[in-house]
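First up is the structure itself, then whatever we jot down about it.
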Amino acid sequence: MKQKIKIKIRDFYIDDVNRCLEGKVESSKFNLLGSKIIILNHPEIEGFVFELFKVIDLNHVKERAKGIEFNIGDIYLKILIDKGWDTFNELIIEDFYLEESTKEINQQSFEEIKKNNAKSILFEFKNMSNLFFANFYLDLRGGETGGVGRNEHGEPHFHIISRKENRDIGKVFFPTIEDYKTNNSQLVFSSNINRKIKKQITEWVFKDDLKNLEELNKSWVEQNRHNNRVLKQ
């Protein structure tokens, strides 16, 4: 029988932009990563925990779940609501449940999510960078040639978004793995990005045998597959 944990909604910040809940639990008897959200009498609402870590530095979480007070040792959780968000937003609830998952959430699991949820690449990419940066996250965008909204153009790049103001503070162009290995091509930053941020992002992009650089290129192609205004390498 799967284990469950009851959680107070007051311990979570509701992120309307990304359709996520960000908050905390003090402890859990099972691994919450990948666990399924359950709201009684509302099976149409679906979601899962796609990021968590134990809080060891309060500075790392102070800009995340706005208005939520963390303590050292708490477990930070980020829950994606991928179905039934409008219904969820209209509810007045005091608590919800998380039910353990028997399926390990790994890269293969995220690949499956991509096929069913067009926004999931955005969440995966933010998740990849969230644990590494305290004051900002990286946002790789896409779109269609004639679509409305934040459609991209030009060479492959991502945006740096400050957590505090949720503001775009600059753009970073990145090379393909082949170009990096053959020509030692590096990141190209907007002129207004400071040295400390440049160093942090450069370390992250080229770490772990270029796995993050590989994911950047794959995500760029996937998100812009219907956009002929961008360069796909």
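Return yes when residue 26 is in contact (Cβ under 8 Å) with a residue 40 or more places away in the chain, within 16 Å of residue 71 (Cα to Cα) and over 17 Å from the mean Cα position of the chain (by Cα) and no when it is not. Please lay out each step first, then the result.
Working: in contact (Cβ under 8 Å) with a residue 40 or more places away in the chain: yes; within 16 Å of residue 71 (Cα to Cα): yes; over 17 Å from the mean Cα position of the chain (by Cα): yes.
In short, yes.
Suppose we keep only residues that are under 19 Å from residue 38 (Cβ atoms) and of a type in the set (S, T, N, Q) within the range 51-91. Which one would you say is modelled with the highest pLDDT?
87
Condition test on residue 134, is it surrounded by fewer than 17 Cβ atoms within 10 Å (Cβ to Cβ), within 14 Å of the chain's Cα centre (by Cα) and at pLDDT below 90?
On the way: surrounded by fewer than 17 Cβ atoms within 10 Å (Cβ to Cβ): yes; within 14 Å of the chain's Cα centre (by Cα): yes; at pLDDT below 90: yes.
For residue 134, the condition - surrounded by fewer than 17 Cβ atoms within 10 Å (Cβ to Cβ), within 14 Å of the chain's Cα centre (by Cα) and at pLDDT below 90 - is met.
Return the total of residues in the range 17-34 being at pLDDT 85 or above and within 27 Å of residue 161 (Cβ to Cβ).
Result for the range 17-34: 8.
With respect to the numbered conditions (1) open to solvent by 70 Å² or more (accessible area, probe 1.4 Å); (2) in contact with a Phe, Trp or Tyr (Cβ under 7 Å, 6 or more places away or on another chain); (3) at pLDDT 90 or above, which one is the sole condition not fulfilled by residue 8?
Only one criterion is unmet by residue 8, namely (2).
I'm told residue 95 meets every condition in (1) under 22 Å from residue 133 (Cβ atoms); (2) surrounded by 12 or more Cβ atoms within 10 Å (Cβ to Cβ) except one. Can you identify the failing condition by its number?
(1) is the only condition that residue 95 fails.
Any idea which of 147, 142 is modelled with pLDDT under 80 and either touching a Pro at 6+ places or on another chain (Cβ under 6 Å) or open to solvent by less than 30 Å² (accessible area, probe 1.4 Å) (or both)? Break it down stepwise before answering.
Details: 147 fails: either touching a Pro at 6+ places or on another chain (Cβ under 6 Å) or open to solvent by less than 30 Å² (accessible area, probe 1.4 Å) (or both).
Result of the check over 147, 142: 142.
Are any residues in the range 9-29 among the charged types (D, E, K, R) and assigned to a strand (DSSP E or B), and if so, which ones? Full working, then the answer.
Residues of the range 9-29 that are among the charged types (D, E, K, R), as a first pass: 10-11, 15-16, 19, 22, 24, 26, 29.
Of everything in the range 9-29, those that are among the charged types (D, E, K, R) and assigned to a strand (DSSP E or B) turn out to be 15, 22, 24.
Working only within the range 40-53, note down all residues that are open to solvent by 10 Å² or more (accessible area, probe 1.4 Å) and on the phi < 0 side of the Ramachandran plot. Show your work before the answer.
Applying the first criterion (open to solvent by 10 Å² or more (accessible area, probe 1.4 Å)) to the range 40-53 yields 40-44, 46, 48, 52-53.
Passing the criteria: 40, 42, 43, 44, 46, 48, 52, 53.
Scan the range 54-71 for residues that are out of contact with any helix residue (DSSP H, G or I) (no Cβ under 7 Å at 6 or more places or on another chain), open to solvent by 10 Å² or more (accessible area, probe 1.4 Å), more than 19 Å from residue 162 (Cα to Cα) and not in a strand (DSSP E or B) and jot them down.
Within the range 54-71, the first condition is being out of contact with any helix residue (DSSP H, G or I) (no Cβ under 7 Å at 6 or more places or on another chain), and the residues that meet it are 54-67, 69, 71.
Now restrict to residues that are open to solvent by 10 Å² or more (accessible area, probe 1.4 Å): 54, 56-60, 62-63, 66-67, 69, 71.
Filter once more, so that each one left must be more than 19 Å from residue 162 (Cα to Cα): 54, 56, 69, 71.
Across the range 54-71, the qualifying residues are 56, 69, 71.
Counting just the residues of the range 167-193 that are more than 22 Å from the chain's Cα centre (by Cα) and at pLDDT below 90, which one comes out surrounded by the most Cβ atoms within 10 Å (Cβ to Cβ)?
Filtering first and then ranking leaves 190.
The values are calculated or read from the model by the stated rules, or taken from the named source; none is laboratory data. Small disclaimer: the values here were computed from a predicted structure and weren't measured. Heads up, the Cβs are rebuilt from the backbone with ideal geometry, glycines too, and the neighbour counts pull from every protein chain shown. When the accessible area is computed, the model is the full protein with side chains, heavy atoms only, and any ligands, DNA or RNA have been set aside. Shrake-Rupley method; radii C 1.70, N 1.55, O 1.52, S 1.80 Å.
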